Every structure is written in structure tokens, then in C-alpha cells.
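Colleague: Pasting in a structure now, in C-alpha cells, and then I'll have a few things to ask.
The values are calculated or read from the model by the stated rules, or taken from the named source; none is laboratory data. The structure displayed is predicted, hence computed values, not measured ones. Neighbour counts run over all protein chains shown; Cβ positions are idealised from the backbone, glycine included.
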Ligand SMILES: [Zn+2]
Ligand SMILES: [Zn+2]
């Protein structure tokens, strides 16, 4: 790739001029577009980092903010790839934030894991596994008592009903 690119640039023909002005135009359009997106943000309209759609930020629950914005529709795909890529600390931080966002705006419920039982997910729109906040993921409460919030698993299911 590199040598070909070098040859193309060294020709110095009018062809390059056209290419340069095209590049300038594209940069200018890009610049204008960024200004426009900035202006939309001032009006309370922001964009999902995944599907690039715009949403009103006044509508709580439309966009999840973890530094970047993700719309509710994109959450399942985004979370399944994002959670695999992240390190434990980052994953737990975003996971906790996402779990409380889902509970607050999308009626998500905390479901205990029952060992040996396959959960019924027929009425679930989206679910994720999150660290149990009651025992901080240890599965135990004080005095080595098994955590009753997660049945000692240390994790719970956060399920958004259909
Ligand atoms: Zn989206
Ligand atoms: Zn627990």
C-alpha cells in the first residue's frame, strides 16, 4: 500500500489539484457538520454513538451515557461486545451504571439466580448479569451468611420485561 500511495502523490499533475480541492471541500463539510452536531447538543439533541441516530436528551431513558452515548435500542448489541472487551474494573463500573439506568428508566427487575434452574426469559426484552450490590459480589453478607439477594452467587440478573 505505502509505495503506491507515494507514487500517486509524487506525480504532481492537475489531477492532484482536483483531489486537493475535493479534500478541502470534504474537510469543510465535515467541519460544518460537527458545528451542527454541537448546535444540536445545545438544543438538547444528541446522537447515539452506535447507530448515529439523534435523540432528545430531555427524554430520560433514550440515551445511556457512559462517556459515550448509546441509545436503548443499541444497548443489547453494544453491551455484549463492549462487556467482553473491557477489563474487570471498567466492566463493573459501566455494568453497575447500566443496571441502575435500566431499573430507573426501563422497569428492569433484579432477578435472583437459582442454582440449577434455567431462568424463564420468554417475557424478557433484554437482560444482563451484574454484580450483586448487596454483597458487592462476594455472595456473602455479614458473618459469612449467604447473601439472600443473590442466593450466594455474587451476581444477579437485571431483566427488562417486554
Ligand atoms: Zn443507537
Ligand atoms: Zn449478593
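Colleague: Looking at region 61-93 only, could you name the residues that are surrounded by 10 or more Cβ atoms within 10 Å (Cβ to Cβ) and either away from ligand 1 (no atom under 16 Å from the Cβ) or at positive phi (or both)?
Modeller: 61, 83, 86, 90, 91, 92, 93
Colleague: Mind checking whether some residue in region 69-77 is modelled with pLDDT of 95 or more and in a loop (DSSP other than H, G, I, E, B)?
Modeller: Going through region 69-77, the residues modelled with pLDDT of 95 or more turn out to be 69-77.
Applying the additional criterion that residues be in a loop (DSSP other than H, G, I, E, B) yields none.
The answer is no; no qualifying residue exists.
Per-residue answers, yes or no, for (1) closer than 21 Å to residue 126 by Cβ; (2) within 11 Å of the chain's Cα centre (by Cα):
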| residue | (1), (2) |
| --- | --- |
| 16 | no, no |
| 19 | no, no |
| 36 | no, no |
| 50 | yes, yes |
| 54 | no, no |
| 68 | yes, yes |
| 79 | yes, yes |
| 83 | yes, yes |
| 90 | yes, no |
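Colleague: From the list 111, 156, exactly one residue is within 22 Å of residue 81 (Cα to Cα) and under 27 Å from the mean Cα position of the chain (by Cα). Which is it? Can you show your working first?
Modeller: Working: 111 fails: within 22 Å of residue 81 (Cα to Cα).
Criteria check complete, one pass: 156.
Colleague: Can you pull out every residue in region 105-135 that is more than 8 Å from ligand 2 (Cβ to nearest atom) and under 22 Å from residue 88 (Cβ atoms)? Working first, answer last.
Modeller: Step one: of region 105-135, the residues more than 8 Å from ligand 2 (Cβ to nearest atom) are 105-131.
Across region 105-135, the qualifying residues are 110, 113, 127, 128, 129, 130, 131.
Colleague: Within region 51-78, track down each residue that is in contact with a helix residue (DSSP H, G or I) (Cβ under 7 Å, 6 or more places away or on another chain) and within 17 Å of residue 95 (Cα to Cα).
Modeller: First, pick out the residues of region 51-78 that are in contact with a helix residue (DSSP H, G or I) (Cβ under 7 Å, 6 or more places away or on another chain): 51, 54, 60-62, 64, 66, 70.
Once the filter is applied, which keeps residues that are in contact with a helix residue (DSSP H, G or I) (Cβ under 7 Å, 6 or more places away or on another chain) and within 17 Å of residue 95 (Cα to Cα), region 51-78 yields 61, 64, 66, 70.
Colleague: Still on this structure, please answer the following. Restricting to region 141-151, what's the tally of residues that are more than 7 Å from ligand 2 (Cβ to nearest atom) and part of a loop (DSSP other than H, G, I, E, B)?
Modeller: Taking region 141-151 first, the residues more than 7 Å from ligand 2 (Cβ to nearest atom) are 141-146, 148, 151.
Within this subset, residues satisfying the condition of being part of a loop (DSSP other than H, G, I, E, B) are 141, 145, 148, 151.
Looking only at that region, the number is 4.
Colleague: Here is a list of conditions, (1) assigned to a loop (DSSP other than H, G, I, E, B); (2) away from ligand 2 (no atom under 16 Å from the Cβ); (3) more than 29 Å from residue 37 (Cβ to Cβ), and residue 89 meets all of them except one; can you say which number that is?
Modeller: Of (1) assigned to a loop (DSSP other than H, G, I, E, B); (2) away from ligand 2 (no atom under 16 Å from the Cβ); (3) more than 29 Å from residue 37 (Cβ to Cβ), only one is false for residue 89: (1).
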